[in-house]
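> Below is a structure I'd like to ask you about.
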């Protein structure tokens, strides 16, 4: 009885505080897609104070004194999106364009998978309190098999990554299992995680599954180790489940590279209006040159092989999801014909082709990404950061509504549709 009474007091106090305190924003009469379950809360008022959601309740005349009211009538509010595998460009001018392309597509989090020491300064600039640009999760310069590091060099590298507050260390490849175990030991001692490619290569350097899956790897990319080795699939899936590892499939990178699309289709995708004409011309010329050199017969064989590979990838993505393994999402828009921000929706279409529901697809870009970094966003709940987008239709029923973002709320900034269009127009100019 005492516990029940205490709970009632807490509940009453919470309601009184929510009703009497001033709030910064209220999103009025909006349909909430909370993403902690596959449902919609109809006609809600979402109240925000100091960048946090403090109340979600059935819409009614508000007693709060608010700074701003956002009319959400007929719209749907869901968590903002993330892109989990990004290669930042070389220059700051290009980087600012990447940030703008993402924010107009409702993407407020980017995970760098090709790090640079200079990215620390970019994070300081773009993730300031006065910035609405996406939050950057940065990796140290990547480790690859060309490096034969000594213990002292590894210690210095990992310590520097920790001191500069990098979020993780990316591994492309590594010279030997011995070197990997040494690096992993240092990372564990410094409490910094690993991410990147699956390291064992049947045609190259062997890294045992035991060493890889018992390491500080929290996630790995491209379905490495799960494609083309059916005899090891079940045991590796068991490791992933036991270690609660996260997988980032990056399907679009392989789909675009499969050769099955003609160049007219590729250069007329959504987002291509932000690419210089000379760049698009160069992409088409290189593609046509490769196809001519390969020859029609050989090209047909290659395309058929790539199609079968894609079918295997679709099947693996479905199996991972059905088994409850967390997927995070990214197109890996690091090659031609893929435009940062816009390509994320194309990746979602490939998840759909794999047989995933809209809810599971959206989870990969919201809740699952937040869980990877243990962050206070990814769902719409009281106490969570106010980090959301507004849409014209229910994304659980119509994924295509993500192509027309009506508003973005992030870092205590609200960008309405007119402001998002202004950013879009400035990029085009």
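> For mean projected area of the Cα convex hull in nm², the choices are (i) 24.0; (ii) 44.5; (iii) 27.1; which was calculated from the structure?
For mean projected area of the Cα convex hull in nm², the calculated option is (i).
> Additional query: Of 280, 293, 170, which is the most mobile in a GNM of the chain whose springs link Cα atoms less than 10 angstrom apart?
Fluctuation is largest for 293.
> GNM on the chain, C-alpha springs below 10 Å: top fluctuator among 206, 87, 119?
206
> What is the fewest-to-most order of 35, 95 by other Cβ atoms lying within 10 Å of their Cβ?
Ranked by crowding around the Cβ, least crowded first: 95, 35.
> Turning to a different aspect of this structure: Rank these for me by crowding, 168, 274, 388, 342, going from fewest to most other beta carbons within 10 Å.
274, 342, 168, 388
> Could you state the angle between the C-alpha long axis of helix 230-243 and the longest principal axis of the C-alpha atoms of the chain, as a value from 0 to 90 degrees rounded to the nearest 10?
Computed tilt is about 40 degrees.
> Ranked by Cβ crowding within 10 angstrom, fewest neighbours first, how are 418, 309 ordered?
If I rank by nearby Cβ atoms, fewest first, I get 418, 309.
> With axes computed from alpha carbons, what is the tilt in degrees of helix 296-322 against the longest principal axis of the chain, rounded to the nearest 10 within 0 to 90?
The angle comes out at about 40 degrees.
> Please say if the stretch 257-386 is rounded, prolate or oblate, where rounded means a/c under 1.5 for a ≥ b ≥ c the square roots of the C-alpha gyration tensor eigenvalues, and otherwise the choice is prolate for a/b larger than b/c and oblate otherwise?
Oblate is the answer for the stretch 257-386, as a/c is 1.5 or above yet b/c matches or exceeds a/b.
Where a number appears in this text, it was derived from the coordinates with a stated rule and is not lab data. For clarity, every value in this text was computed on a predicted model and none was experimentally measured. Here the Cβ is made from the backbone with ideal geometry for all residues, glycine too, and neighbour counts use every protein chain on show.
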